[in-house]
């Protein structure tokens, strides 16, 4: 039996790859430092008070100057901050400030740092899961994941639910305006539920999630938003949530996490009023593996490994994952009795499906 001939190494290709890895090293540590900047208010201080050096920023934020000094270098090297060589002060551009500090903007992204930091705390557990095929429930993660999810997804919901996603569904918008009954399954901290309740005050909204601490947070958020009169939050599994006569049942960025998506689809169909619709909002993904070889696919497939798929493995026998194809989602919906299924609209980050029996 002859040995395989060793591959000839192209020095230029190897050097290019090493440069890429070094860039990824910088991005990885930069993510953690961005999390720190968000958590400690460093970005907000720069946005509110203008250019500063490390001593001035540390004074504004009650932090230790020696750490702030190299945090600033890292952030400027990553393009998050600007540096003036004449004044030797750092600043944040108006555009970056919107993305990193304005939680009411649809362009806010800082919650993503919290999600990723929260997910990566589970690495020892995920290593073991790789070897033994076990799972990890959503509620077993660090609390940063839950809060970060609300902060990261809420801007997209602000920008899209009212403006484009609901209007893309067949006949749903007039019902919401007149007064409809809506279930938000897998509602988490209730960001999507509250946005809908603010937009359509004549309707009633019911948020369900199996994670009790998230339901507690959702109730508090609803009270602070002044919509408790038309929003109810309850702890319930997706395949067993209570109620009937819903004009709309929503699954915002959670259907792929479910261990029993067939049961959830079936239950959603059972609870619909005549003419009711189900909206399933899912991460953007391609029809083939190679269609996910892009920045969005890189993020979503990574999140699937450390969070979404482990929850499905731990809680059922189906693991769709974040990059499930349209066809895979259609098959699961059909198995749950949802014979009508279409992609109603999309964004660069999301696919929005309409389904019903």
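Rule-based calculations on the coordinates, nothing more; no lab input. In this text the structure is predicted, and so the values were computed from the model without any measurement. Virtual Cβ from ideal backbone geometry, glycine too; neighbours counted across all protein chains shown.
Helix 261-271 and the longest principal axis of the C-alpha atoms of the chain enclose an angle of approximately 40°. As a rough footprinting exposure proxy, the listed residues 173, 248 were ranked by other beta carbons within 10 Å of their own, and the order from fewest upward is 173, 248. Site pair residue 240 and residue 31 shows an inter-label distance of 3.5 nm when each label is modelled 7 Å from Cα along Cα→Cβ.
Once you reduce region 263-288 and region 326-357 to the center of their Cα atoms, the two points are 6 Å from each other. Most simply put, the chain has about 45% antiparallel DSSP beta bridges, counting only bridges with both residues inside it.
Only helical DSSP H runs with n ≥ 4 go in: add -39500 (n - 2.57) per run for the chain, normalise by residue count and round the 222 nm mean residue ellipticity to 500 deg cm²/dmol. Numbers along the way, then the final one.
On the way: 15 runs with 171 residues, N = 357.
Roughly -14500 deg cm²/dmol at 222 nm, from the helical runs in the chain.
Report the full-extension gain for the segment residue 202 to residue 66: residue separation times 0.36 nm, less the Cα-Cα distance, to one decimal in nm. Could you put the intermediate results ahead of the total?
Values: separation 136, 0.36 × 136 = 48.96 nm, distance 5.44 nm.
Fully extending the segment from residue 202 to residue 66 adds 43.5 nm.
In the chain, the longest principal axis of the Cα atoms and the axis of helix 11-39 are about 70 degrees apart.
Which shape class applies to region 292-357: rounded if a/c is under 1.5, otherwise prolate when a/b exceeds b/c and oblate if not, where a ≥ b ≥ c are the square roots of the Cα gyration tensor eigenvalues? In terms of gyration-tensor shape, oblate.
In terms of its C-alpha gyration tensor, region 48-175 comes out oblate, because a/c is 1.5 or above while a/b does not outweigh b/c.
Exposure proxy shown here: for 137, 33, 14, 329, the number of other Cβ atoms within 10 Å sets the order, fewest to most, as 14, 137, 33, 329.
Springs join every pair of Cα atoms under 10 Å in this Gaussian network model of the chain, and among 29, 318, 231 the largest mean-square fluctuation is at 29.
Please identify which residues in region 321-341 have an amide N closer than 18 Å to a label point set 7 Å out from the Cα of residue 289, following the Cα→Cβ vector. So the set is 321-328.
Springs between alpha-carbon atoms under 10 Å, Gaussian network over the chain: tell me which of 294, 311, 210 tops the mean-square fluctuations. Checking each option, the largest mean-square fluctuation is seen for 294. Nearest 10 degrees, 0 to 90: what angle lies between the long axis of helix 326-335 and the longest principal axis of the chain (Cα atoms)? So the helix axis and the longest Cα principal axis differ by about 30 degrees. When the Gaussian network model of the chain links Cα atoms closer than 10 Å, the mean-square fluctuations of 15, 290, 240 top out at 15. Classify region 265-327 from the C-alpha gyration tensor, please: rounded if a/c falls under 1.5, else prolate or oblate depending on whether a/b exceeds b/c. Oblate is the answer for region 265-327, as a/c is 1.5 or above yet b/c matches or exceeds a/b.
Convert 10 °C to kelvin, take the viscosity as 1.306 mPa s, use the Kirkwood radius over C-alpha pairs of the chain as Rh, and evaluate the Stokes-Einstein diffusion coefficient in µm²/s, rounded to a whole number. Let's see the in-between values first.
Numbers: Rh = 22.1 Å.
Approximately 72 µm²/s, per Stokes-Einstein.
Once both labels are positioned 7 Å from their Cα atoms along Cα-to-Cβ, the gap between residue 19 and residue 76 label points is 2.4 nm. At 0.36 nm per residue, minus the direct Cα-Cα distance, what do residue 95 and residue 305 gain on full extension? Give it in nm, one decimal, please. Here the answer is 72.4 nm. With the simple spin-label model, which puts each label point 7 Å out from Cα in the Cβ direction, the residue 104 to residue 347 separation comes to 1.8 nm.
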